[in-house]
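Asker: Please find one structure pasted underneath; my questions will follow.
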Amino acid sequence: MKLISWNIDSLNAALTSDSPRALLSRAVIDTLVAQDADIIAIQETKLSAKGPTKKHLSILKDFFPDFHVAWRSSVEPARKGYAGTMFLYKNTLPEPAITYPEIGAPDTMDSEGRIITLEFDQFYVTQVYTPNAGDGLRRLEERQVWDQKYADYLAELDSQKPVLATGDYNVAHKEIDLANPATNRRSAGFTDEEREGFTNLLAKGFTDSFRYIHGDVPSVYSWWAQRSKTSKINNTGWRIDYWLTSDRIADKISKSEMIDSGARQDHTPILLDIDL
């Protein structure tokens with residue numbers, strides 16, 4: 001199976017805008033089409049509570065004619081047009097059971113459309129858009145609770161059948177996972193608390209597929225800040241997007257890598273090939 005995950009940072013903008021950034025986003029979508037993956041996970045769709053419009057679905061169908069769509073949007077009391085996730089999965093796959101779990105997260109996090117899970121006969125594929133700790137770490141305390149609840153959720157899935165888990169986890173796990181660790185000690189995504197949360201998640205029986213394949217290769221990232229015009233040129237990035245697998249199927253991973261998104265900053269798609 002070939003699986004791809006990407007934080008798109010607004011599905012509507014990527015599909016319908018003519019801005020320079022939208023054109024770069026559509027070039028990435030063209031790259032994903034060429035990859036011919038079985039499953040594509042998309043985070044930060046930023047759609048309304050009603051989900052994709054007929055226009056969105058029509059455009060998606062043009063790009064991915066042989067795919068089903070499952071989506072989840074932020075709903076009240078959470079902010080409108082915030083977060084959100086989507087799966088595209090081939091119609092030749094066995095039809096999965098689709099769930100939209102709530103994990104007992106604090107604040108409005110369970111209403112922000114952050115998790116979708118596909119259950120197949122032999123395994124789960126689940127995606128997450130992990131809450132950001134925010135400016136001034138204002139949401140760090142809630143984020144720590146989220147991390148524990150999410151880890152418990154994945155462990156529960158894993159107790160039933162193997163798991164492929166992906167998404168924007170909003171954490172660079174180790175110093176090697178970002179270009180400038182020394183100056184980001186208390187930055188959202190690299191606090192000791194968030195890193196410990198990810199360590200605890202892996203300790204529950206999960207493998208970081210990229211490190212499994214590549215070891216301690218440096219300077220490979222999945223996100224470059226848009227605020228800095230030179231972040232991608234200079235490769236001052238962070239690796240905050242992951243494909244995780246249950247430990248017991250890690251030996252079935254054949255490829256885990258970033259997909260080149262050209263000049264587009266922000267997130268780049270990530271790919272997993274696994275023999276299931």
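Asker: Which condition number in (1) closer than 27 Å to Ala263 by Cβ; (2) within 18 Å of the chain's Cα centre (by Cα) is the one that Phe63 fails?
Answerer: Among (1) closer than 27 Å to Ala263 by Cβ; (2) within 18 Å of the chain's Cα centre (by Cα), Phe63 violates only (2).
Asker: Let me ask something else. If I filter segment 88-103 for residues that are among the hydrophobic types (A, V, I, L, M, F, W, C) and crowded, with 22+ Cβ neighbours inside 10 Å, do I get at least one hit?
Answerer: No, segment 88-103 contains no residue that is among the hydrophobic types (A, V, I, L, M, F, W, C) and crowded, with 22+ Cβ neighbours inside 10 Å.
Asker: Could you look through segment 222-276, keep only residues that are β-branched (Val, Ile, Thr) and crowded, with 22+ Cβ neighbours inside 10 Å, and pick out the one that is farthest from the chain's Cα centre (by Cα)?
Answerer: Result: Thr245.
Asker: In the set Ala78, Ala83, Ala41, which member is out of contact with any Phe, Trp or Tyr (no Cβ under 8 Å at 6 or more places or on another chain), of a type in the set (A, V, I, L, M) and under 26 Å from Ile240 (Cα atoms)? Spell out how you get there, then give the answer.
Answerer: Working: Ala83 fails: out of contact with any Phe, Trp or Tyr (no Cβ under 8 Å at 6 or more places or on another chain); Ala41 fails: out of contact with any Phe, Trp or Tyr (no Cβ under 8 Å at 6 or more places or on another chain).
The match here is Ala78.
Asker: How about segment 1-70: which helices (runs of 4 or more DSSP H) wholly inside it have at least 2 residues that are among the small types (Gly, Ala, Ser) and farther than 23 Å from Glu95 by Cβ?
Answerer: Numbers: elements: 11-16, 20-35, 54-63.
Where helices (runs of 4 or more DSSP H) fall fully within segment 1-70 and carry at least 2 residues being among the small types (Gly, Ala, Ser) and farther than 23 Å from Glu95 by Cβ, they are 11-16, 20-35.
Where a number appears in this text, it was derived from the coordinates with a stated rule and is not lab data. Source: prediction; values computed, not measured. Counting neighbours? That spans all protein chains shown, and the Cβs are built from the backbone with ideal geometry, glycine included.
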